[in-house]
Structures are given as C-alpha cells and as structure tokens.
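Okay, structure first, notes after.
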Amino acid sequence: MRHLASLAAIALLLVPAGCNTTQKSRAACESDVERLKQSIRDTGGYLEDLRPRLKAGFLAFDDCGRITGECHAEAWLAEMEALRQEHIYRRADFNRAIDLWRPDACVPYAQGYRLNPPEPSTYNGYFYSYEETGQQIDELISKFNRLVN
C-alpha cells in the first residue's frame, strides 16, 4: 500500500511537469502578444482603407451598365484580382497571429508580468469582416469578368 502511495505521489509530481512542456517562455509570450496587437492594428487600418475601394468598384460596375457611363472593366478586373491577393495575404497574416497566441501557454506571464493581451472580443469580429469583404471582392471580380469576356 505504501508503494502505491509513493507511486501516486511521483505521478502527481510528473503531471505538472508534463503540463509545463506546453508553456511558452516569457519572451515568446510577449512576442505573441505584440504580434497579435500589431495584427489587430493592421487589420483595422486595412479594412478601413478597403471600404472605399470596394465602394468605388461597385460604382464603377454601375457605370459600366449605363449607356453614358465610362467603363474600364479590364482595369477594374485587374485591380480587384490584385486586391483579392492582398486580401488573402492579410487574412492569412491575421489568422497566423491569432493561431500563435495561446493564452493557456502564457498564464503565468499574463498574471505576473501584465502582458495585457487583447480580449478575444477585440479581434473576433474581424473574422466576419474578412469573410464579408472577401465575398464582396469575389462578387466584383465575377461582375467585371462577365463584362470583359
């Protein structure tokens, strides 16, 4: 029975040690938080800059439907395709920053060193925004593609 109690005590010591293998260093946690904060700032700015570009694309498409309107469908198609590539890159960068941030691996530093990571509510809405704007870009590409071909 004592032998069993000794094994249980050793097991209890090893379990936390096994859990510590998922912990990140303080420097890694700080880097992840800074990357996340920067990605949130970049995403906010990018989406703000993107709105007028999408609006201009939809207005240009409307102009293409008017007899008196000037239509530069090829140029707009090229611009929207380039915008889609940028959008894919920006979204991947944002997703990477979110994926690298593991709060459970940084608990001791978040509590003791005041890492001050952003709340998930701060960045969760951007997933929807990326999805929505990506659909708008794809819609414009489809519309201008029909005009060109």
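The values are calculated or read from the model by the stated rules, or taken from the named source; none is laboratory data. All of these numbers come straight from a predicted model, not from anything done at the bench. Neighbour counts run over all protein chains shown; Cβ positions are idealised from the backbone, glycine included. Please note that ligands, DNA and RNA were not included when accessible areas were found on the heavy atoms of the full protein model with its side chains. Shrake-Rupley method; radii C 1.70, N 1.55, O 1.52, S 1.80 Å.
General observations
- Meets criteria (within 27 Å of Val148 (Cα to Cα), exposed (fewer than 14 other Cβ atoms within 10 Å of the Cβ) and without any contact (Cβ under 8 Å) to a residue 12 or more places away in the chain) for Asp49: yes
- Tally of residues being assigned to a helix (DSSP H, G or I) and either open to solvent by 70 Å² or more (accessible area, probe 1.4 Å) or out of contact with any Phe, Trp or Tyr (no Cβ under 7 Å at 6 or more places or on another chain) (or both) across the range 92-125: 22
- Number of the exception - Ile67 against (1) in a loop (DSSP other than H, G, I, E, B); (2) without any contact (Cβ under 8 Å) to a residue 60 or more places away in the chain; (3) within 30 Å of Thr22 (Cβ to Cβ); (4) not polar (S, T, N, Q): (3)
- Residue in the range 129-136 that is over 17 Å from the mean Cα position of the chain (by Cα) and modelled with pLDDT of 90 or more present: yes
- For the criterion of being open to solvent by less than 70 Å² (accessible area, probe 1.4 Å), in a helix (DSSP H, G or I) and modelled with pLDDT of 95 or more, Ala56 passes.
- Total residues in the range 59-81, condition open to solvent by 90 Å² or more (accessible area, probe 1.4 Å) and closer than 14 Å to Glu139 by Cα: 1
- Residue within the range 130-138 that is surrounded by 17 or more Cβ atoms within 10 Å (Cβ to Cβ) and of a type in the set (A, V, I, L, M, F, W, C) present: yes
- Any hit, the range 25-34, residues being in a loop (DSSP other than H, G, I, E, B) and either open to solvent by 50 Å² or more (accessible area, probe 1.4 Å) or touching a residue at least 60 places away in the same chain (Cβ under 8 Å) (or both): yes
- Long-range neighbours under 7 Å by Cβ, at least six apart or interchain, first residue more than 14 Å from Thr133 (Cβ to Cβ) within the range 79-103, second surrounded by 15 or more Cβ atoms within 10 Å (Cβ to Cβ) and among the hydroxyl-bearing types (Ser, Thr, Tyr): Asp93/Ser39; Ala97/Ser39; Ile98/Tyr123
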